Amino acid sequence: MKKRKEINIFVGNQIRIARERASLTQEQFGELVSLGPKNVSDVERGLVGISLATLKRICEKLSIPSDWLLFGDRDLNDVDYLIERAACLPKAHFAAMNPIFNQLLLLPEALEK
C-alpha cells in the first residue's frame, strides 16, 4: 500500500469540509468539478493529490480561495480574508455583494462614534 502524503491528506480534508459546507454529495461535487465519485473519495481521503487545474476548478465552483485549501482556516472576522473570499466570487455575485462589503467596511467607524 502506497504511503499517503501529508499534503494530500490535509488538502483532501479541506476539500471534504468545503464540499460539506456547500451541502454537496460526492457525486454532485464530482459532476461540478469534473471528477468521478471514486476520485472525489480518493482525494478527500488523501490517497491521491489533485492537479492545479482541478484545484482551480474547485476554488471557482465553491467560491473559496486556494490558500484556504492549502493552509487551512483563517480568522473569519479578518476583513482582508473576507475581501480575498469575495474576490473568488463570480463577477456578477461580487457586484451584488459590493454594497454590503462597503457597509461592513464602514461599521468600525460607526461603532467608534
Problem set entry | Inter-label distance for S23 and F71, nm, one decimal - labels placed 7 Å from Cα along Cα-to-Cβ | 3.1
Problem set entry | Dipole of the chain, positive direction: furthest Cα of F71, L107, L32, with charges on the beta-carbon | L32
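Compute the length gained on full extension between S41 and L105: take 0.36 nm times their separation in residues and subtract their Cα-Cα distance, giving the result in nm to one decimal. Intermediate results must be reported in sequence, preceding the final value.
On the way: separation 64, 0.36 × 64 = 23.04 nm, distance 3.95 nm.
Taking S41 through L105 to full extension adds about 19.1 nm, to one decimal.
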Problem set entry | Accessible-area composition of the chain, carbon plus sulfur, in percent [1.4 Å probe] | 59
Problem set entry | Calculated [θ] (222 nm, deg cm²/dmol) that DSSP helices of n ≥ 4 give over the chain, each run adding -39,500 (n - 2.57) | -21500 deg cm²/dmol
Seminar exercise, completed: For the chain, longest principal axis from Cα atoms; helix 52-62 axis from its Cα atoms; angle between them, nearest 10 degrees, is 50
Seminar exercise, completed: Taking a probe of 1.4 Å and leaving out DNA, RNA and ligands, the chain shows per residue an accessible area in Å² of 69
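Find, among the trypsin sites (Lys or Arg not before Pro) in the range 22-70, those assigned to loop by DSSP (not H, G, I, E, B) with at most 16 other beta-carbon atoms within 10 angstrom. Don't jump to the answer; show the numbers that get you there.
Values: sites: K38, R45, K56, R57, K61; in loops: R45.
Loop-located and lightly packed - R45.
The values are calculated or read from the model by the stated rules, or taken from the named source; none is laboratory data. If you're wondering where the values come from, they're calculated on a predicted model, not measured in any experiment. No Cβ is skipped: glycine too gets one built from the backbone with ideal geometry, and neighbour counts run over all protein chains shown. Only protein heavy atoms, including side chains, enter the accessible area calculation; ligands, DNA and RNA are left aside. Shrake-Rupley method; radii C 1.70, N 1.55, O 1.52, S 1.80 Å.
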